[in-house]
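The values are calculated or read from the model by the stated rules, or taken from the named source; none is laboratory data. None of these values were measured; they are calculated from a predicted model. Because the Cβ atoms are built from the backbone with ideal geometry, glycine has one as well, and the counts that use them run over all protein chains shown. Accessible surface is based on the protein model in full, side chains and every heavy atom, while ligands, DNA and RNA are left aside. Shrake-Rupley method; radii C 1.70, N 1.55, O 1.52, S 1.80 Å.
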Amino acid sequence: MVMEEKPKKILILYASETGNAIDAAERLGREAERRGCPVLLLSVDDFDPSSLPDQEIVIFVVSTTGQGDNPDSIKVFWKFLLQRNLTQNWLSRVNYAVFGLGDSGYQKYNFVAKKLDKRLSDLGATAVVERGLGDDQHSSGYEGALDPWMSTLWKALYQKDPKLFPKGPELMTSNMSLMDQSKVQITYHDVAEGTSNFSSIPDVKLLEMQIESTRFILPGKLSGKYSPECFLKMVKNDPLSKAGSGKDVRHFEFEAVSSSIEYEVGDVVHILPSQDAAAVDAFIKRCNLNPESYIQVQANDNKENEQSYDLRNTLKVPVRLKTFVELAMDVASASPRRYFFEVMSYFATAEHEKERLQYFASSEGRDDLYEYNQKERRTVLEVLDDFPSVQMPFEWLVQLVPPLKTRAFSISSSHSAHPNQVHLTVSVVSWTTPYKRKRTGLCSSWLAELDPQKSGLISAWFQKGSLPSPPPSLPLILIGPGTGCAPFRGFVEERALQSQSGPTAPILFFFGCRNEENDFLYRDFWLFHSQKGGVLSEEKGGGFFVAFSRDQQQKVYVQHKMREESFKIWNLLTEGAAVYVAGSANKMPSDVLLAFEEIVSKEGGVPKEAAVRWLRALEKAGKYHVEAWS
């Protein structure tokens with residue numbers, strides 16, 4: 001009797017920060033399965049790196065965050081790969097492919113994918129195809145690169161081993177056979193049974209249980225810790241920018257309600273936003289759901305398909321359906337993914353809608369879908385309203401509606417100065433789409449509308465950011481235009497406290513804004529600490545310098561002020577100062593770095609190339625930090 005050969009499996013590992021890499025990885029998994037090849041899909045932090053040499057084919061999908069930073073989920077894996085005892089042929093039996101997601105507007109574009117590709121090659125692994133680099137700047141987003149790269153990948157894998165795709169790299173099984181069931185199973189409970197579970201639980205504990213019960217549906221470790229570290233209550237909501245200036249920047253203060261707060265300057269707080277109640281009700285009505293029913297969500301036990309939906313637990317207690325939607329499903333701010341349109345096409349009963357959805361889901365319709373969906377930032381609710389004949393089962397909606405994500409903010413206070421508080425400096429996000437539709441950022445606009453007298457509980461998680469807390473003896477050069485000043489308000493608060501009990505090193509701070517009158521954020525605070533004896537005063541070896549970009553004909557930015565103070569900057573650098581840069585990720589970080597290169601070259605009397613190397617060494621020594629956001 002001949003033993004039937006077990007089909008080979010492709011391992012797909014992803015490292016995601018915002019969820020895009022998960023979407024790309026899931027798409028690769030679906031496309032491989034449609035060609036008859038089994039797949040194991042995992043977040044890279046769920047994979048044991050020591051077993052990498054045992055894998056035959058591995059596809060990595062990795063995003064780059066900030067200024068060339070690793071997503072949190074790949075940090076342990078990457079550290080393992082950098083071990084010196086790993087030999088040049090450690091991965092000699094492994095075939096791999098790398099697809100990166102990045103933004104060419106950043107200086108270190110797709111840096112994580114590039115360095116991972118090089119390291120795998122250095123350890124003896126064989127690249128099946130050249131690495132693919134998805135670019136947010138492309139007219140179709142990262143999919144503009146993913147589609148052709150995938151086509152090349154399947155052909156290359158088939159050439160390497162035809163058994164992977166028994167009927168060839170182009171032939172796909174019917175999509176309908178993969179549509180039989182979603183990866184999520186929902187059990188409905190009697191209303192009386194659901195309410196009896198919660199009748200005697202205090203509000204704070206109940207909210208904690210509900211968040212813990214709903215947020216585990218986020219794929220991979222995107223959810224972080226399920227349960228909030230603490231609940232906050234807003235106690236102050238003050239405008240920092242002048243009304244009518246075209247910007248709305250706020251200073252928020254929060255107090256801990258449930259437990260004490262612990263953080264250091266430079267840390268980040270993640271806040272779970274609240275969705276618009278009317279939008280949640282409209283979604284529930286549009287999908288013909290009963291908001292009062294109680295549900296439990298769990299993974300479908302589908303042995304055929306190992307591209308498992310990452311439900312680590314099941315809901316321990318039933319949760320009200322409306323609460324589940326509010327806490328877990330982003331129905332009115334995030335845009336659905338391409339696969340959402342594909343699944344919608346199976347549930348469309350109107351022929352013209354079905355055809356349009358099929359076109360959007362096809363490679364030919366990719367660019368038109370990008371124009372309709374991502375560029376306009378169309379929400380799930382808006383898309384469903386545009387295709388009224390579609391009635392998707394709730395199981396599919398739970399699987400495919402983008403998860404409601406926390407938003408990260410740089411903390412703008414010192415814990416030592418405000419033991420039970422956390423302060424934030426937030427620009428309320430608003431923009432107009434190409435079709436002149438007004439959009440606002442979900443979290444920033446929600447916070448701006450909160451009344452401190454009536455504020456409810458706000459779920460918060462604390463995390464280390466890119467700006468480590470400096471010791472009082474370390475001289476600092478801080479560059480923080482706009483809301484980039486947020487973390488440095490905390491730095492200055494902390495150093496002012498430290499200076500009361502002992503000597504502290506000087507601080508040079510470069511701030512920038514459009515107009516002195518409209519958006520000089522925390523003006524009185526900076527000027528107070530610049531006065532005689534203050535931590536930003538010249539007397540203490542420091543300084544505070546402001547660039548008002550629009551108050552004169554010639555635009556002036558922080559880098560111009562830096563060049564004016566090149567002698568002071570160079571002196572502080574030679575005394576061992578650390579550089580901290582925070583703010584918009586557009587051009588600012590690279591413009592500031594260029595200014596530093598010119599200053600080191602001029603004041604140090606060295607060629608530009610030597611200045612570049614000098615600053616690179618500063619970064620390697622952990623003394624050049626950047627936290628930038630788009």
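The Kirkwood hydrodynamic radius of the range 485-613, based on inverse pair distances between different Cα atoms, is 15.6 Å. In percent, what relative contact order does the range 319-454 have, based on Cα pairs under 8 Å that are 6 or more apart in sequence? The normalised contact order for the range 319-454 reaches 26 percent.
Counting only helical runs of four or more DSSP H residues, what would the 222 nm mean residue ellipticity of the chain come to if each run contributes -39,500 (n - 2.57) and the total is spread over all its residues? The partial results should precede the final answer.
On the way: 21 runs with 211 residues, N = 630.
Result for the chain, helices only: -10000 deg cm²/dmol.
Using the alpha-carbon atoms, what tilt in degrees (0 to 90, nearest 10) does helix 277-286 show relative to the longest principal axis of the chain? In the chain, helix 277-286 runs at an angle near 10 degrees to the longest axis. Distance from the alpha carbon centroid of the range 135-171 to that of the range 234-267 works out to 46 angstrom.
State the percentage of accessible surface on the range 335-436 attributable to carbon and sulfur atoms; use a 1.4 Å probe and exclude ligands, DNA and RNA. For the range 335-436, the apolar C and S fraction of the accessible surface comes to 49 percent. Model label points for Phe80 and Lys285, set 7 angstrom from Cα along the Cα-to-Cβ axis, are 5.1 nm apart. Straight-distance candidates among the lysines for linking to Lys436, with alpha-carbon spacing under 28 Å and chain neighbours fewer than 8 residues away dropped: Lys242, Lys247, Lys285, Lys354, Lys375, Lys405, Lys587. Taken over the chain, the ratio of Cα radius of gyration to 2.2 N^0.38 Å equals 1.04.
Any number yet on Rg/Rh for the range 418-522, C-alpha, Kirkwood?
Details: Rg = 17.5 Å, Rh = 16.9 Å.
With Rh from the inverse mean 1/r over Cα pairs, Rg/Rh is 1.04.
Entry for the range 43-118 at q = 0.14 Å⁻¹: log10 I(q)/I(0) = -0.46, Debye formula applied to identical alpha-carbon scatterers, no solvent contribution. Computed from Cα atoms, the angle from the helix 338-347 axis to the main principal axis of the chain rounds to 30 degrees. By the Kirkwood approach, averaging reciprocal distances over each pair of separate Cα atoms, the range 116-170 gets a hydrodynamic radius of 12.7 Å. Once the chain from Arg613 to Ser430 is taken as fully extended at 0.36 nm per residue, the excess over their C-alpha distance is 61.9 nm.
Calculate the translational D of the range 403-463 in whole µm² s⁻¹ from Stokes-Einstein, where the hydrodynamic radius comes from the Kirkwood formula applied to all Cα pairs, the temperature is 37 °C and the viscosity 0.692 mPa s.
Numbers: Rh = 14.0 Å.
Estimated diffusion coefficient is 235 µm²/s.
Once both axes come from the Cα atoms, what is the angle between helix 20-34 and the longest principal axis of the chain, in degrees from 0 to 90, rounded to 10? Taking the Cα atoms of the chain, the angle to 20-34 is about 20 degrees.
Under a Cβ-only charge scheme (Lys and Arg +1, Asp and Glu -1), can you give me the dipole magnitude of the chain about the Cα centre, in debye to the nearest 20? Mind showing how you got there, number by number?
Numbers: 72 positive and 81 negative charges, 227 e Å.
In total the dipole reaches around 1100 debye.
By a 1.4 Å probe calculation restricted to protein chains, Glu565 has an accessible surface near 40 Å², given to the nearest 10. Working note: Cα atoms of the range 86-155, range along each principal axis, descending, whole Å: 40, 31, 10. Here Ala127 and Arg439 are evaluated by their C-beta separation; at R0 = 41 Å the FRET efficiency comes out at 0.50. Sequence-distant contacts, meaning Cα pairs under 8 Å at least 6 residues apart, place the relative contact order of the range 486-610 at 20 percent. The value of relative contact order for the chain, using C-alpha pairs under 8 Å at least six residues apart, is 12 percent.
A Förster distance of 45 Å, applied to the separation of the beta-carbon atoms of Ser245 and Ser473, puts the FRET efficiency at 0.70. Centre-to-centre, using Cα atoms only, the range 478-514 and the range 1-73 are separated by 43 Å.
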